[in-house]
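The values are calculated or read from the model by the stated rules, or taken from the named source; none is laboratory data. Keep in mind it's a predicted model, so treat the numbers as computed, not measured. Backbone-built Cβ (ideal geometry, glycine too); neighbour counts: all protein chains shown. Just so you know, the surface numbers come from the protein's heavy atoms only, side chains and all, with ligands and any DNA or RNA stripped out. Shrake-Rupley method; radii C 1.70, N 1.55, O 1.52, S 1.80 Å.
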Amino acid sequence: RWGRRQRALLWAVLLAAWEAAWGQLRYSVPEEMPKGSFVGDVAKDLGLQLPALTDRDAHVFDTGRTRYFVLDLQNGHLSMMEQVDREEICAAVPKCVLNFEILVKRPMNIYKGEVEILDINDNPPSFPERSVLEISENTAPGARFPLERAHDPDIGVNSLQNYECSESSYFTLDVKTGDDGVIYPELILVKSLDREQQAAHNLILTATDNGSPVKSGSTTIQIIVLDGNDNAPEFTQSVYKVTLREDVAVGSRVLQVTATDRDEGPNAEVKYSFFKIPERFDNTFKMDPESGEIVITENLNFEEHEFYELVVQARDAGGLSSHTKVLIKVVDVNNYVPEIVIMSVFSPVPEDTPLGTVIAIFSVQDRDSGENGEVQCSISDSHSFRLEKSFGNYYRVLTAELLDREEVSEYNVTVRAADGGSPSLQSSAVLALRVLDVNDNAPVFAEERYSARVAENNAAGALVLTVRATDADWGQNARVRYRLSEGRVRGAALSSYVSVQAETGALYALRSLDYEQVRELRLWVRAEDGGAPALSSNVSVLLQIVDENDNAPQVLYPPAAPPGSGSGSGSGWGAAWSGVELAPRCAADEAAAPGEPAGSLTRWLVLAVAAVSCLFLAFLLLLLALRLRRWRRRQLLPPAGAALRGVPVSHFVGIDGVRAFLQSYSHDVSLTADSRKSQLRFSASASCCDTLPARPPDEAS
């Protein structure tokens with residue numbers, strides 16, 4: 001039981017909060033108030049802060065074509081913009097209400113309000129003109145004669161309430177209220193007329209209201225007594241009813257009334273006419289006086305008049321007449337297209353706008369009634385945005401997903417409104433929304449890493465390479481600037497070797513590079529955009545220095561002779577130089593590369609020694625093959641080879657000669673962990689073998 005009470009209390013609180021949130025403002029003011037009159041304290045009733053109300057933050061919209069109210073942004077008061085006449089703007093409407101909306105932009109919201117214009121008794125009843133009645137002296141007592149009604153534009157107690165007539169022995173006044181609530185005066189004949197005694201009667205008809213003070217209006221009724229004709233025309237129906245569509249064509253027949261007169265001759269000829277038709281209907285219908293046919297003379301409008309009540313009079317030649325009513329009901333036709341009114345659009349929209357943000361407020365109006373005036377709204381882009389009904393005929397467009405300017409930079413959201421008619425009528429409006437960029441993308445380099453080869457001894461300021469990065473953002477957020485990350489090379493700042501152009505990303509060498517000092521430069525380039533806060537990314541750059549032949553060879557061994565010493569014998573110098581072979585200077589400089597491990601140089605030296613050994617072994621094999629070939633040829637020669645007998649064995653180079661050659665050609669390699677101290681010595685001793693002597697002369701010859 002207590003839970004039900006809590007739920008009921010919660011619903012009441014939510015309902016009150018909803019009404020306060022949507023600004024259900026209701027005020028009332030009397031009509032004819034002067035311009036600038038106070039209507040209500042909007043700021044207080046809505047709980048708005050006065051400092052937040054500026055010319056750009058709050059607007060008042062009147063739903064009609066005329067603007068009646070103005071909002072004072074200094075004190076939050078709603079005032080009359082001009083004097084209002086209730087009878088002019090609302091005519092006979094019982095409750096005269098003027099609607100308005102207040103649009104507040106920060107935070108964006110719309111509030112609806114209404115002001116009821118209260119009637120004051122500022123109009124007396126009035127009659128349009130003097131009335132004249134022609135009544136035959138043969139008219140029987142009890143006959144009724146409708147009188148022209150008075151008009152009072154006020155409503156309620158201030159409107160027409162009663163009729164009074166001056167005293168007469170022949171007539172009395174009867175006041176009736178019709179089905180439409182209108183008071184009708186009728187004159188009743190209580191005594192037979194005698195034209196010979198009194199040919200005319202004058203009565204004063206007075207109409208009064210019940211206002212404070214009471215106001216009245218009077219008119220004179222002149223009654224002319226006619227002689228003869230004692231039968232008035234009689235209609236076949238006391239009330240004629242017809243229903244018309246509002247789109248019926250002009251000139252169409254509405255209906256035909258018929259009246260007959262029992263007299264004969266001219267007294268039986270009946271003429272038809274409208275009896276005191278209201279002026280606003282005078283141009284809408286036309287009566288054929290001969291046939292009693294009623295036709296339409298202008299287009300009908302259900303929204304302006306959905307019901308017509310006409311009084312038709314049938315009059316014979318003798319002056320007798322009778323009356324009937326024609327009730328015309330107009331049926332609404334779906335002939336008005338829904339009208340979309342854009343109240344406010346929040347554009348451009350930042351791409352980091354939260355979900356559910358209101359970006360537009362609009363209203364839809366359809367002047368049709370019933371199902372023809374029921375409007376359904378939809379939007380074209382239901383993925384990025386959603387439509388929400390606020391109250392009445394107001395709608396809001398909200399974000400339904402996170403926006404991304406890099407994917408979609410502009411939206412054209414089409415708002416469609418369709419009514420419930422058959423066929424349905426539709427209208428549309430386009431909301432042009434531009435997405436405002438937010439710095440949410442870091443620059444991206446075109447390559448994962450950059451490298452370049454630079455010849456040493458380059459000119460200072462030479463272009464090395466160009467890095468390039470792009471940013472998917474727009475405007476200032478997409479502007480990329482480049483700079484070097486801090487670093488040091490051989491104890492000096494990296495910025496003293498190279499620099500990068502901030503706008504283009506061009507990398508320049510600031511000094512002449514020396515391969516013998518720096519073999520390569522490794523550095524990082526940072527690309528940073530112009531957003532706030534800025535986003536950045538880095539890329540590695542490798543600059544390889546290419547060696548050039550810019551250093552002459554240097555003699556490392558033997559050392560130069562001390563001053564004053566002799567050059568020695570030629571054989572002694574040859575013996576000293578024959579055991580040394582110098583490596584190129586460049587070989588000594590890879591060994592001296594800074595930071596290169598000693599094992600790498602040792603590996604290269606071992607490979608060099610192995611290559612030399614292989615070449616030497618190949619040379620020995622080739623020499624041995626040549627010797628074997630020569631020996632085989634000697635075996636195949638004729639016995640003339642006996643001429644070699646007696647030649648000493650020492651004159652031949654055989655295995656012993658090879659052994660001697662091997663002993664005379666040697667090389668020494670000494671390697672240390674410190675590659676700078678490694679040495680390579682290659683020595684060759686002269687062979688002691690004798691060469692073959694010339695072929696001895698043939699003894700026999």
Reachable aspartates and glutamates, given that their alpha-carbon falls under 13 Å from the alpha-carbon of residue 241 and they are not under 8 places away in the same chain: 309
When each of 35/329; 95/286; 191/271; 95/176; 105/389 is checked by Cα-Cα distance, pairs over 30 Å: 35/329; 95/286
Heavy-atom SASA rank of 151, 77 (probe 1.4 Å, accessible area, largest first): 151, 77
Protein-only accessible surface order, largest first, of 270, 239 at 1.4 Å: 239, 270
Size of charge dipole - region 409-509 - debye, nearest 20, with Cβ of Lys, Arg +1 and Asp, Glu -1, no other charges: 400
Linear extension gain, residue 409 paired with residue 632, 0.36 nm per residue minus alpha-carbon span: 70.8 nm
Region 321-327 - phi-based ³J(HN,Hα) in whole Hz, Karplus 6.51/-1.76/1.60, Gly and Pro as x: 9, 9, 9, 9, 10, 10, 9
Two-decimal Rg to Rh for region 132-226 - Kirkwood Rh, Cα set: 1.03
Area accessible to solvent at residue 377, 1.4 Å probe radius, in Å²: 30
Dipole magnitude of region 144-223, debye to nearest 20 (Cβ charges: Lys/Arg +1, Asp/Glu -1, about Cα centre): 140
Rounded to whole Hz, the Karplus (6.51, -1.76, 1.60) HN-Hα couplings of region 32-38, x for glycine and proline: 6, 6, x, 4, x, 5, 6
Per residue accessible area in Å² of region 132-226, where ligands, DNA and RNA are left out and the probe is 1.4 Å: 50
Residue 203 accessible area, assembled protein chains, probe 1.4 Å, Å²: 10
Rotationally averaged projected area of region 330-404 (alpha carbon convex hull; nm²): 5.6
Accessible surface, region 238-331, averaged per residue in Å² (probe 1.4 Å): 53
Whole-percent carbon and sulfur share, accessible surface of region 339-436, 1.4 Å: 45
Size of charge dipole - region 238-331 - debye, nearest 20, with Cβ of Lys, Arg +1 and Asp, Glu -1, no other charges: 200
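At 0.36 nm per residue, and after removing the present C-alpha to C-alpha distance, how many nm does the segment from residue 389 to residue 486 gain when stretched out fully?
29.1 nm is the gain from fully extending residue 389 to residue 486.
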